[in-house]
1. State which residue pairs qualify: first residue closer than 20 Å to GLN156 by Cα and inside segment 254-270, second residue modelled with pLDDT under 95 in any location, beta carbons under 9 Å apart, and separation of 6 or more residues or different chains.
2. Listed residues TYR175, TYR187; which is closer than 17 Å to SER58 by Cβ, open to solvent by 20 Å² or more (accessible area, probe 1.4 Å) and of a type in the set (Phe, Trp, Tyr)?
3. For segment 116-160, what are the residues that are under 22 Å from TRP200 (Cβ atoms), among the aliphatic types (A, V, I, L, M), touching a residue at least 24 places away in the same chain (Cβ under 8 Å) and open to solvent by 20 Å² or more (accessible area, probe 1.4 Å)?
4. Which of the residues belonging to segment 113-150 are of a type in the set (Ser, Thr, Tyr) and in contact with a strand residue (DSSP E or B) (Cβ under 7 Å, 6 or more places away or on another chain)?
5. Would you please list the contacts, defined by Cβ atoms under 7 Å and residues six or more apart or on different chains, that run from a residue in segment 220-248 that is over 21 Å from ILE99 (Cβ atoms) to a residue that is at pLDDT 95 or above and acidic (Asp, Glu)?
6. MET222 fails exactly one of the following numbered conditions: (1) touching a helix residue (DSSP H, G or I) at 6+ places or on another chain (Cβ under 9 Å); (2) open to solvent by 10 Å² or more (accessible area, probe 1.4 Å); (3) under 30 Å from SER93 (Cβ atoms). What is the number of that condition?
7. Give, as residue ranges, the strands (runs of 3 or more DSSP E) completely inside segment 52-123 that count at least 2 residues that are closer than 22 Å to ASN237 by Cα, of a type in the set (Ser, Thr, Tyr) and modelled with pLDDT of 95 or more.
Amino acid sequence: MNTRSLSRTLVTFTCLGICCHLSNLNAEADEISLSPENNATENTDTFQTRPKKTDPTSEKIIQNFLEVSGGESAYAGIKTVKATGTIVEARRSKTFELIETHRGQRHLTYSWKHLGRNYKVVYAYDGTYAWKQELLPKEKRPELLHGLTAEHFAQQNWLIQPLVVPLRDSFVFKYQGKSKVSGRAAYLVTGFGKENKQSWFYFDQETFLLTRWGGMSELAGMEEYIDYRATEFSRVNDVLLPKKIDILAENSKFGTITLETITANQDVDPAIFECPKSKIQILRQVIKSNNQNQ
């Protein structure tokens, strides 16, 4: 089995002074560079079997993360986040508006300009289905996302992680061992979500902040490990949240997310997460309308 080679660029923390010791962590854990790929086989049984319950080591790591992030009650107190910023992928810069809720709903709008034309695309997840709609330069019908693309968008949040209820109710966690993120020692925990969809979470061994997370997705038609690596943090409603995030594909950086504004617990219309009914007439409707007007 091949291990994923981890890049070793320096991670810049705005809060390295925060440290909480994990006294109950098993000191006998193997010193390994473990990743979800290590658990893959050459067959279709790619991931591990879902454990019946979260193990004590994972529980302790998550509790330490919540403590250094602002406290479990403060983290659970964030019901919604709204963020704006820029994302750079393949040398193309886009602005975005992001909304995430404590129940897992997401709404992400990208806007950019190319060859003098304005583009705008919405991606959303209502808690059951993920969908997208192109709004500019020409409005198209909304369409459901499928496969790994839908799973990844639904499960890989940028800000609100499934480490407190109600999102945590769908997850079971398993401690995998020690790893590294940008050269820094980290604890690796696998999360088993709905329908056994798996994510991985790397917690910094010194600060216990969540510095990397990810899951399987599709990129250019290929199945890929897509990870998010937090390099800067900011405090929102007394909770530390990522402010700058690198996007990694098979450990190679191919994008950067910069969150310029983040606000919590603002009113959000729940209807924005639902896939809208198309206002675009299909050919049959156009013919019928023309016949009625004749």
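1. PHE254/GLU89; PHE254/ALA90; PHE254/LEU219; GLY255/GLU89; GLY255/ALA90; GLY255/ALA249; THR256/GLU89
2. It is TYR175.
3. Once the filter is applied, which keeps residues that are under 22 Å from TRP200 (Cβ atoms), among the aliphatic types (A, V, I, L, M), touching a residue at least 24 places away in the same chain (Cβ under 8 Å) and open to solvent by 20 Å² or more (accessible area, probe 1.4 Å), segment 116-160 yields LEU148, ALA154.
4. Result: TYR119, TYR123, TYR125, TYR129, THR149.
5. Correct list of pairs: ARG229/ASP246; THR231/ASP246; LEU248/ASP227.
6. Unmet condition: (1).
7. 80-89
The values are calculated or read from the model by the stated rules, or taken from the named source; none is laboratory data. Please read all numbers here as calculations on a predicted model, not as lab measurements. Please note: Cβ atoms are built from the backbone with ideal geometry, for glycine as well, and neighbour counts cover all protein chains shown. Note: areas computed on protein heavy atoms with side chains; ligands, DNA, RNA excluded. Shrake-Rupley method; radii C 1.70, N 1.55, O 1.52, S 1.80 Å.
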